[in-house]
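Taking it in order: structure first as structure tokens, then the write-up.
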Amino acid sequence: MNCAVCGGAVSQVAEKRLGRYRDETVEVESEFLRCEECQEEFFSPAQMSAHIRSVKNEIRKRYGLLPPEKIVAIRKKLELTQDELEQLLGTGPKVVVRWESGKVIQGRGQDNILRLLDCDPTIVKTLRQIQQLRHNEQDKYQRANKPNPKMVAQAV
Ligand SMILES: [Zn+2]
């Protein structure tokens, strides 16, 4: 790979660099390429992904949020798939997948529940009961609010 600016030879370096996430700036150790001729610095696509992950991990530390590998460890301890954990937490699909890959940072509320589950795995059972209860309440609501065919006909 050669420098996109001057065509000179590039070498890989690892140094501290600033990274941004929303309104936050953090300093992380990142690998990137530097031109030996003009000193231009740039990231390869893989280095950029790694840099972004490091920035998000640093933000997690700043806010006291669990790192991705800890989320994986908690989920495995609970013997849940990513999909099952998403259902239990009531997140959208692929949300746990993104937390675990480091792409998305979990909110504090979700982080609290993950920590609760880590402290007391029996909470899985309680969350399942809550899911069932909600399901029953929704069923009951739907039965009680079934549209009256007569009223629908009149409305038309
Ligand atoms: Zn150059």
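Which ³J(HN,Hα) values, rounded to whole Hz and listed in residue order, are derived for region 84-97 from phi using the Karplus coefficients 6.51, -1.76 and 1.60 in 6.51 cos²θ - 1.76 cosθ + 1.60 with θ = phi - 60°, glycine and proline given as x?
5, 5, 4, 5, 5, 7, x, 7, x, x, 6, 6, 5, 4
Could you tell me the number of lysine pairs in the chain with C-alpha atoms less than 25 Å from each other, where the two lysines are 8 or more residues apart or belong to different chains?
So the count of such lysine pairs works out to 27.
Report the extension gain between R20 and N136 in nm, rounded to one decimal, defined as 0.36 nm multiplied by the number of residues separating them, less their alpha carbon distance. Intermediate values should be presented prior to the final figure.
On the way: separation 116, 0.36 × 116 = 41.76 nm, distance 4.47 nm.
Gain on stretching R20 to N136: 37.3 nm.
What residues have an amide H closer than 5 Å to that of E31, excluding those fewer than 5 places away on the same chain, when H is modeled at 1.01 Å from N in the peptide plane?
none
Using the basic label-point model (7 angstrom from Cα toward the beta carbon), what is the R128 to S101 distance in nanometres?
With each label placed 7 Å out from Cα toward Cβ, I get 2.9 nm.
What percent do you get for the relative contact order of region 15-136 when only Cα pairs under 8 Å and 6+ apart count?
Working: 117 pairs, mean separation 21.8, N = 122.
So the answer I get is 18 percent.
Please name whichever of S44, G107, V124 sits farthest to the positive end of the charge dipole of the chain, dipole taken about the Cα centre and charges placed at Cβ: Lys and Arg +1, Asp and Glu -1.
So the residue we want is V124.
Collect residues whose amide H, placed 1.01 Å from N in the peptide plane, falls under 5 Å from the amide H of Y21; neighbours closer than 5 in sequence don't count.
V26
Each value in this text was obtained by applying a stated rule to the coordinates, not by laboratory testing. Since the structure is predicted, the reported quantities are computational estimates derived from the model, not experimental observations. As a convention, Cβ positions derive from the backbone with ideal geometry for all residues, glycine included, and neighbour counts pool all protein chains shown.
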